[in-house]
1. Any residue at all in region 30-41 that's open to solvent by less than 60 Å² (accessible area, probe 1.4 Å), charged (D, E, K, R) and under 20 Å from Asp102 (Cα atoms)?
2. Please give the strands (runs of 3 or more DSSP E) falling wholly within region 1-54 in which 3 or more residues are aliphatic (A, V, I, L, M).
3. Does region 1-29 hold any residues that are buried (at least 17 other Cβ atoms within 10 Å of the Cβ) and modelled with pLDDT under 95, and which are they?
4. Collect the residues in region 62-77 that are at pLDDT 95 or above and open to solvent by less than 30 Å² (accessible area, probe 1.4 Å), keeping them in residue-number order.
5. All but one of (1) exposed (fewer than 14 other Cβ atoms within 10 Å of the Cβ); (2) farther than 15 Å from Ser7 by Cβ hold for Ala93; which doesn't?
6. Out of the residues in region 67-104 meeting the condition of being polar (S, T, N, Q) and without any contact (Cβ under 8 Å) to a residue 12 or more places away in the chain, tell me which one is nearest to Ser116 (Cα to Cα).
7. Return the only residue of Trp54, Trp107 being open to solvent by less than 10 Å² (accessible area, probe 1.4 Å) and either of a type in the set (Phe, Trp, Tyr) or touching a residue at least 60 places away in the same chain (Cβ under 8 Å) (or both).
8. Tell me which residues, restricted to region 64-117, are in a loop (DSSP other than H, G, I, E, B) and within 11 Å of the chain's Cα centre (by Cα).
Amino acid sequence: QVQPAESGGGVVQAGDSLTLSCSVSGGTFVGDDMVAWYRQAPGKEREVIGTITWDAGSRHYADSMRGRFTIYRNYHENRAWLHMNGQQPEDTAIYYCHIKRDSVVYWGQGTQVTVSS
């Protein structure tokens, strides 16, 4: 079973930047993997931030997220990253990494990001 594992969440001040990481617990990414970042704020639906292909690093962002987040991966460190620049209180949410492999989606447990004013 593929087990994504997020880390890097915490409490930050408004305007701060934060980078979250995603790894495969007890395993590695595979070339054909699609990695996606989502978030879910209290009382709101889960929303996609963007995706990246593991092998080529091709990125796609949701229209509402473009320009606010940067997704990248470090092939040698076997991690995918979500960089958040200038976070605002509205960005408070649980952030999830998921991995799609062979048309099956595997979800991480999420990492909490709280942005204080």
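The values are calculated or read from the model by the stated rules, or taken from the named source; none is laboratory data. Note that this is a predicted model, so its numbers are computed, not measured. Counting neighbours? That spans all protein chains shown, and the Cβs are built from the backbone with ideal geometry, glycine included. Accessible surface areas use protein heavy atoms only, side chains included; no ligands, DNA or RNA. Shrake-Rupley method; radii C 1.70, N 1.55, O 1.52, S 1.80 Å.
1. yes
2. Those strands (runs of 3 or more DSSP E) span 18-24, 34-40, 47-53.
3. Passing the criteria: only Val2.
4. Hits for region 62-77 are Ala62, Phe69, Ile71.
5. All conditions are met except number (1).
6. Taking the candidates together, the pick is Asn74.
7. Of the residues listed, the single one that is open to solvent by less than 10 Å² (accessible area, probe 1.4 Å) and either of a type in the set (Phe, Trp, Tyr) or touching a residue at least 60 places away in the same chain (Cβ under 8 Å) (or both) is Trp54.
8. From region 64-117, those in a loop (DSSP other than H, G, I, E, B) are 64-65, 67-68, 75-78, 85-88, 92, 102-103, 108-110, 117; that's our starting set.
Answer for region 64-117, where residues must be in a loop (DSSP other than H, G, I, E, B) and within 11 Å of the chain's Cα centre (by Cα): Gly108, Gly110.
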